[in-house]
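Let me begin by presenting the structure, written as structure tokens, before commenting on it.
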Amino acid sequence: MPKNSIQFQKGFSIPEFMQMYGTEMQCRERLFNIRWKNGYVCPNCASKSYCELKSRSLYQCNKCHHQTSLTAGTLFSHSKLPLTTWFLAIYLITQDKNSISALELKRKLGVSYNAAWRIKHKLMQVMKEHDDNRKLANIVQLDDAYIGGKQKGKRGRGAKGKTPFVSAISLNEEGHPIYMRLSVVSCFKKQEITDWAKKHLKEKTLVISDGLPCFNGLLAADVIHGSLPKNGNELHQYEAAFYWVDTMIGNVKNSIKGTYHAIREKHIPRYLGEF
């Protein structure tokens, strides 16, 4: 049996990470180069002349004497933890296939649970905001989904105690997935889907849905909408058309269930933004 190219793709090993970001100085140099790609620029007067106050970890402008820290205005701002801890947390969260809980992060970082929880949620929020700034294009598979605690009664669409979210995945010309978007919505109604599409889809994007009535709201967002309702005669065609989005939904639910077991409703957008 041939090897799965995705499973055996080159990763970023722990020794490689430690060689690049194993010291505080290495992390500071990396952050400096990210923040000031073309060299230091004073945020107050735009001067490029500065000196470093190493005893206070500050950069001072030689012209206006404005002082700023390397972490000011970043997610590391006001944190007492070393950058090595933050960088390692970023590595662990982004490299773990099935996500990593705050409790496991606590064990691996050697910090308190509260510190691990704050790190985890700050990083998830950054990932969510990054995704929100990118609109999906090309061909998009779209489906409705629900997540939440188990309750007696109806399951799936319309179930009580579940949080509805839109699942979307964009494909390239070869039909391979490029980006995905998981967005919590208040309900599955036309106006809600219109608002979602205007925020997350580029105009003229081809969107394929299962024909749920609310998805007709896509047309008001100036996208091209094609529907393929699920029925016995075209089941094979339906499964092929929604293979990637259905796979994504299943993987996300299994990951959340296996890693977190249960999550609070108000934090669901962040957890979905992690994927």
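The values are calculated or read from the model by the stated rules, or taken from the named source; none is laboratory data. Values in this document were obtained by computation on a predicted structure and should not be read as measured data. Cβ atoms come from the backbone with ideal geometry, glycine included; neighbour counts cover every protein chain shown.
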Looking at (1) in contact (Cβ under 8 Å) with a residue 40 or more places away in the chain; (2) among the charged types (D, E, K, R); (3) closer than 20 Å to PRO164 by Cα, which one does LYS266 not meet, given that it meets all the others? (1)
In the stretch 258-275, the residues that are closer than 12 Å to ILE100 by Cα and either not aromatic (Phe, Trp, Tyr) or not in a helix (DSSP H, G or I) (or both): GLY258, THR259, TYR260, HIS261, GLU274, PHE275
For TYR271: the one exception among (1) closer than 19 Å to LEU212 by Cβ; (2) buried (at least 19 other Cβ atoms within 10 Å of the Cβ): (1)
Output for the stretch 199-219, where each listed residue is more than 12 Å from LEU142 (Cα to Cα) and free of Cβ contacts under 8 Å to residues at least 24 places away in the same chain: GLU203, LYS204, PRO213, LEU219
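Residues of the stretch 187-202 being farther than 20 Å from HIS130 by Cα and out of contact with any Cys (no Cβ under 6 Å at 6 or more places or on another chain), which ones?
Residues of the stretch 187-202 that are farther than 20 Å from HIS130 by Cα, as a first pass: 187-194.
Selection gives CYS187, GLN191, GLU192, THR194.
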How many residues are surrounded by fewer than 16 Cβ atoms within 10 Å (Cβ to Cβ) and either within 19 Å of VAL245 (Cβ to Cβ) or over 8 Å from the mean Cα position of the chain (by Cα) (or both) if we restrict to the stretch 123-144? 4
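I'd like the full set of residues that are in contact (Cβ under 8 Å) with a residue 12 or more places away in the chain and charged (D, E, K, R), limited to the stretch 31-62.
Filtering the stretch 31-62 for residues in contact (Cβ under 8 Å) with a residue 12 or more places away in the chain gives 31-32, 35, 40, 42-45, 47, 49-50, 53, 57, 59, 61-62.
Selection gives ARG35 alone.
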Please determine, by comparing only the residues of the stretch 30-62 that are modelled with pLDDT of 90 or more and of a type in the set (Gly, Ala, Ser), which one is nearest to LYS80 (Cα to Cα). GLY39
